[in-house]
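Here the structure is laid out as structure tokens; the discussion comes afterwards.
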Amino acid sequence: MTAPPHLQIPQRQSPKAVLLILLKYFRIIVRQLWPILLVILINPTHGKGMIITSIALAIVVISLIYSIVAYTRFYFFIENNELCVRSGVFRKTVLNVPFDRIQSVDFKQNLVHQFLNVVSVQVDTAGSKGSELELDAIELERAENLREIILAYKQTRTALIHTSEGNIPPIPAVKETPELILSLSSNDLIKIGVSENHIRTAAIIFAFFLGLADDLDQLLGWDVYGQLENTTTAMSLFGLLATLIAIPFFIIISFTITLIRTVLKYYGLKFWREGKSFKVVSGLFTRNEKSIQQSKIQVIRWVTSPLKKLFGIYQLNIYQAANVDQNQNKSLAIPGCYQQQVDHTLDTIVPEYKQAIFTSHSMHPAIVRLMVFVFGFIPAVLFGMMAWINEGMMQWLLTLVFPLAIWMGRQYQRKRRLKIHPDYLVSEGGIFGKSYKLMEIYKIQSVHIHSSPMQRRRGLTSLHVYTAGGDISFPYLNAHVARQARDYILYRVEKEEKSWM
């Protein structure tokens, strides 16, 4: 695949990149210096205005100089089917990324990008932690041209690999019309926001305030925890009333933040199928465009919860080969999918899945006793001891976690299933909702079993199956069944001649 002449010549990014690089390094510097700036703003010291002005001017000047130099020393071009980048301010960096290693070419546009009519291009490979390389700002037409060249090369290589005689050139691929699978409406966004995990948002808010209290204590000597303790000790009735009022207020704040975050992240979401790849475009202030080639898909996961089930929607995730730490960033997340859209996606990626007949294995009931002991008995004892020592009614109510753990353990064991087919492996589970995780067996990279002393006494073990894009772990499985499953999966992998790389 020959690249156009203009892409074979080393070239800089758009001149508008200077502004974007400036903003990026400005944010980095401010993020490092914000505790110092906070102390200067809060503490009433003489000459505070002059100090703040000097620091701000220094940050701007340093960022501007660095941005200009970084822009002038950054070049990219295509050579020998590789995307090449030459960069470096104090030290020269040379990076060549072969097209064969590239997993995806994604676009990102924040408000500044949209105003300047440029895009940030992020090139990912299977083993990179984050993006392998990033072009801060290039024109949209040039970015699309670059992506088309890389994808066309990869499609040609794939066709050659699957040709019985590799020296026979493949028939040139016809560019297919994109198929729109899902487009989120305002009503869909509200459903997604309402059915999101508000407990997670509440935990993030709580952690933020704990961190802020620690920072105030270290920087300014404000003992926030001590003040709260003194207040609740001196005014126990007032503290109880304040807690009862704060809980619903806290829930409302968590719900509102989750809803706003959902709208900002998924506004205008469109899920496309383009030939042999899938693409998701979404975001209000920051427009993200991510794509995954169908042949690179490793794991498909779809999840519903009680609220999602009420609305009839699923959260669909499609994972490709990625570093473990960056797997979420390199996956396609498509919320608000209805059953027909989930089915259509599965029919496209794994067309034989619906007709497949699976062998199903359940989890041993011993998992229920373990969950009740860890998540029910131990917390109930601790809360009961706290209630007896402090004579507090709230602690006694918290001992109700014990019957809740019994119900949760039974739900978990009842819904957990491992399903095996000659071509597919499926894990089902959930407590309040239901989740499904599907992988094609020929893409599995490794399988191993592990038994704890407690499991060995009962003839049980845990089965772990790994792919380049995710894993399936199934604990408390009959040891004989687990060994048979491991041997069968490895046999199928060895027998299969298809390649997904």
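Beyond 27 Å between alpha-carbons counts as too far, so tell me which of Lys276/Lys415; Lys270/Lys415; Lys437/Lys498 fall in that bin. Each step should come with its number before you reach the end.
On the way: Lys276/Lys415 34 Å; Lys270/Lys415 32 Å; Lys437/Lys498 21 Å.
Check vs 27 Å cut-off fails for Lys276/Lys415; Lys270/Lys415.
Would you mind calculating the gained length between Lys354 and Arg414 on full extension (0.36 nm times residue separation, minus the Cα-Cα distance), in nm to one decimal?
On the way: separation 60, 0.36 × 60 = 21.60 nm, distance 2.27 nm.
Result for the pair: 19.3 nm of gain on full extension.
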With all protein chains present and a 1.4 Å probe, the order of Lys24, Lys498 from largest accessible area down is Lys498, Lys24
Length gained, Phe255-Asp487, 0.36 nm per residue minus C-alpha separation, equals 78.8 nm
For the stretch 410-497, one quarter of the surface area of the C-alpha convex hull, expressed in nm², comes to 5.9
Residue separation between Glu79 and Met385 times 0.36 nm, minus their alpha-carbon distance, gives in nm 103.2 nm
In whole angstrom, the spacing between the Cα centers of the stretch 273-317 and the stretch 457-498 equals 27
Expressed in square angstrom to the nearest 10, the accessible area of Leu284 with a 1.4 Å probe stands at 60
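Would you please give the FRET efficiency between Gln294 and Glu141, computed as 1/(1 + (r/R0)^6) with r the Cβ-Cβ distance and R0 = 30 Å, to the nearest 0.05?
Details: r = 26 Å, r/R0 = 0.86.
Efficiency, from the Cβ-Cβ distance: 0.70.
Using only the C-alpha atoms of the stretch 451-491, find the volume of their convex hull and express it per residue in Å³. Don't skip to the answer; put the middle values down first.
Working: hull volume 2.4 nm³, N = 41.
That works out to 58 Å³ per residue.
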Computed from the beta carbon distance with a Förster radius of 41 Å, FRET efficiency for Phe373 and Gln339 to the nearest 0.05 stands at 0.65
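Assign one of three labels to the stretch 354-501, namely rounded, prolate or oblate, based on the Cα gyration tensor with a ≥ b ≥ c the square roots of its eigenvalues; rounded applies when a/c is under 1.5, prolate when it is not and a/b is larger than b/c, and oblate otherwise. Numbers along the way, then the final one.
On the way: a/c = 3.05, a/b = 2.46, b/c = 1.24.
Prolate.
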Expressed in square angstrom to the nearest 10, the accessible area of Tyr267 with a 1.4 Å probe stands at 110
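The values are calculated or read from the model by the stated rules, or taken from the named source; none is laboratory data. Computed from a prediction, not measured in an experiment: that's the story for all the values here. With ideal geometry, Cβ positions are generated from the backbone for all residues, glycine too; neighbour counts draw on all protein chains shown. For the accessible areas, the whole protein counts, side chains as well, though only heavy atoms, and no ligand, DNA or RNA atoms are used. Shrake-Rupley method; radii C 1.70, N 1.55, O 1.52, S 1.80 Å.
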